[in-house]
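Asker: Can you read through this structure? Questions will come right after.
The values are calculated or read from the model by the stated rules, or taken from the named source; none is laboratory data. Remember, predicted model here, so these are calculated numbers, not experimental data. Reconstructed Cβ throughout: ideal geometry from the backbone, glycine too, with neighbour counts over all protein chains shown. Accessible surface areas use protein heavy atoms only, side chains included; no ligands, DNA or RNA. Shrake-Rupley method; radii C 1.70, N 1.55, O 1.52, S 1.80 Å.
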Amino acid sequence: MERMSTIGFSKKSLRAFSELLINSGVTCLIDTRLNNTSQLSGFAKKDDLKYILEEFLNIEYIHRVDLAPTQDILSDFKSKLITWDEYTQRYLSLLKTRKIEKNLDDIFNNHQNVCFLCSEHKPHHCHRSLLVNYIKEYKKNVEIIHLY
């Protein structure tokens, strides 16, 4: 059975973040953030994270913007213009429109344990939990683990 996990970098030290990935046997980290170059990202800025993962942890780094919510969906939710349920509906509709399930084989065919990254500490109100549940509809033989 393939494994698919999720992780957020906020509220974690680099050591804790790295240990979660290593102890879970992650072989590929998929960055699902729309903006991954912000100074607020600390060690998780795109170039720094790619360097840490690939040079020290032997984990491939891939940035997939097609798996991220759009700026308007994010802004509306953060500004409380939409509820979590509305956010969920809009994001899942976006995934369907983008037909992301057709572009996942390259990831899953090359890696046994994929982990999807965003910034939120826990997956409960984060697009990464919605994403992996969406993917599970197409990849039935996958176990989901949330790392935090």
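Asker: Which FRET efficiency value, to the nearest 0.05, do you get for I22 and N103 by plugging their Cβ-Cβ distance into 1/(1 + (r/R0)^6) with R0 = 22 Å?
Answerer: Numbers: r = 27 Å, r/R0 = 1.24.
With a Förster radius of 22 Å, E is 0.20.
Asker: So what is the 222 nm mean residue ellipticity for the chain from helices alone, if each DSSP H run of at least 4 adds -39500 (n - 2.57) and you divide by all residues, rounding to the nearest 500 deg cm²/dmol? Display every interim value, and only then the final one.
Answerer: Numbers: 6 runs with 55 residues, N = 148.
One gets -10500 deg cm²/dmol as the mean residue ellipticity at 222 nm.
Asker: Let me ask another. Over all directions, what mean area does the Cα convex hull of region 1-79 project, stated in square nanometres?
Answerer: Values: hull surface 24.0 nm².
The Cα convex hull of region 1-79, projected and averaged over all directions, gives 6.0 nm².
Asker: Pop out the Kirkwood hydrodynamic radius of the chain from its pairwise C-alpha distances, inverse of mean 1/r, in Å to one decimal. List each step's numbers first, then the result.
Answerer: Numbers: mean 1/r = 0.0645 Å⁻¹.
Here the Kirkwood hydrodynamic radius works out to 15.5 Å.
Asker: What FRET efficiency do you get for L92 and L57 if R0 is 25 Å and r is their Cβ-Cβ distance, rounded to the nearest 0.05? Don't jump to the answer; show the numbers that get you there.
Answerer: Working: r = 31 Å, r/R0 = 1.25.
With a Förster radius of 25 Å, E is 0.20.
Asker: Quick one: accessible surface of Y148, probe radius 1.4 Å, all protein chains present, in square angstrom to the nearest 10.
Answerer: The accessible area comes out at roughly 120 Å².
Asker: Using 0.36 nm per residue of separation minus the Cα-Cα distance, give me the extension gain between T70 and Q39 in nm, one decimal.
Answerer: Working: separation 31, 0.36 × 31 = 11.16 nm, distance 1.99 nm.
Length gained between T70 and Q39: 9.2 nm.
Asker: If I model a spin label as a point 7 Å beyond the Cα along the Cα-Cβ vector, how far apart are those points for K140 and S10 in nm?
Answerer: Taking the two extended label points, one gets 3.7 nm.
Asker: Within 10 Å, count the other beta carbons around each residue, average over each peptide in 27-36, 130-139, and list them highest first.
Answerer: Details: 27-36: 19.9, 130-139: 16.5.
Output ranking for 27-36, 130-139: 27-36, 130-139.
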